[in-house]
Amino acid sequence: MTIGVADHYERHLGPIYTWMVGDVEAALSRSDAELDALLLPSKPAGTAVDLGAGFGMHSLPLARRGFKVVAIDSYEPLLQELVARKGALPIRTVNADLLTFRAHVVEPVDVIVCMGDTLPHLPNLSNVESLLGDVAASLSPGGLFVATFRDYVSRPLQGDGRFIPVRSDEQRILTCFLEYADTTVTVHDLLHQREGGTWRLHVSSYLKLRLAPQWVVEQLSSHGLSVHHDMASGGMIRIAARVPE
């Protein structure tokens, strides 16, 4: 049975998310490299918003660069991990729906990031359109928005290629299976876990949007942002949109 994204994370993926990522320090280094590739605004004590912050994969590097970060995520346990990692860094965590982010920030904002295939988690295209409009309205002159997400439109996986090994060790094996429809892709997360000396299978499924990169570019351009898109690490599409000075 397909369930909502929030329920999927609460019941299934959230508790193993950090394990799924693997080496956290290596992941933070990759995020550092992602940010190094961008021309981030260089304002003293600038502000940044991390939409879908999780345990801080981009919030922590942003804060280390001097930004005051608002880290927003709908799954509280991952935000608690972020709090445990941040030390004295200027990061404020907010457990909330991404669509309500403007209620939790003081505008204008210098940087907004929405990384790691977060945009396709939104319920429908109207929600994505609304979020992108709010992003454009929240950025300061010269402000930057960056999103990374998977292109489920241009190159849909075929046949056995829809089975994706995610991570495995002696206690867990996580595999993902994708099932395509016209505007969505159903993500089936299959977790084999050793329990009491035997393997047990846990399955949970949820919907992601099939977002066309050019559609996202057009949405941001319609708000007057200068938009560039290319390929990021891990096969993701990266879209960077800047407000004119």
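Just to be sure, is residue 130 within 17 Å of residue 222 (Cα to Cα) and surrounded by fewer than 19 Cβ atoms within 10 Å (Cβ to Cβ)?
Details: within 17 Å of residue 222 (Cα to Cα): yes; surrounded by fewer than 19 Cβ atoms within 10 Å (Cβ to Cβ): yes.
So residue 130 fits the description; yes.
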In the set 106, 111, the lone residue that is part of a strand (DSSP E or B) and either under 19 Å from residue 63 (Cβ atoms) or modelled with pLDDT under 95 (or both) is 111
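Out of the residues in the range 9-44 that are of a type in the set (D, E, K, R) and touching a residue at least 40 places away in the same chain (Cβ under 8 Å), state the one that is most open to solvent (accessible area, probe 1.4 Å).
Start the filter on the range 9-44 by keeping residues that are of a type in the set (D, E, K, R), which leaves 10-11, 23, 25, 30, 32, 34, 36, 43.
Applying the additional criterion that residues be touching a residue at least 40 places away in the same chain (Cβ under 8 Å) yields 10-11, 30, 34, 43.
Working: 10: 112, 11: 162, 30: 129, 34: 31, 43: 89 Å².
Going through the qualifying residues, I end up with 11.
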Given (1) surrounded by fewer than 21 Cβ atoms within 10 Å (Cβ to Cβ); (2) touching a residue at least 40 places away in the same chain (Cβ under 8 Å); (3) assigned to a strand (DSSP E or B); (4) not β-branched (Val, Ile, Thr), where does residue 92 come up short, assuming only one miss? (2)
I'd like the residue in the range 164-179 that is under 15 Å from residue 23 (Cα atoms) and within 19 Å of the chain's Cα centre (by Cα) and, out of all such residues, is surrounded by the fewest Cβ atoms within 10 Å (Cβ to Cβ). 167
Open to solvent by 40 Å² or more (accessible area, probe 1.4 Å) and in contact with a strand residue (DSSP E or B) (Cβ under 7 Å, 6 or more places away or on another chain): is that true of residue 223 in this structure? no
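Quick one: which residue in 147, 136 is within 27 Å of residue 22 (Cβ to Cβ), open to solvent by less than 40 Å² (accessible area, probe 1.4 Å) and either at pLDDT below 95 or not hydroxyl-bearing (Ser, Thr, Tyr) (or both)?
Answer to the check: 147.
Mind listing just one residue for me: the one in the range 64-86 that is over 14 Å from the mean Cα position of the chain (by Cα) and of a type in the set (A, V, I, L, M, F, W, C) and, of those, most open to solvent (accessible area, probe 1.4 Å)? Quick ask: steps written out before the conclusion?
First, pick out the residues of the range 64-86 that are over 14 Å from the mean Cα position of the chain (by Cα): 64-70, 76-77, 80-86.
Within this subset, residues satisfying the condition of being of a type in the set (A, V, I, L, M, F, W, C) are 67, 69-70, 82-84.
Numbers: 67: 9, 69: 3, 70: 19, 82: 0, 83: 72, 84: 87 Å².
Checked the range 64-86; the qualifying residue most open to solvent (accessible area, probe 1.4 Å) is 84.
The values are calculated or read from the model by the stated rules, or taken from the named source; none is laboratory data. Not measured: the values here are computed from a predicted model. Reconstructed Cβ throughout: ideal geometry from the backbone, glycine too, with neighbour counts over all protein chains shown. When the accessible area is computed, the model is the full protein with side chains, heavy atoms only, and any ligands, DNA or RNA have been set aside. Shrake-Rupley method; radii C 1.70, N 1.55, O 1.52, S 1.80 Å.
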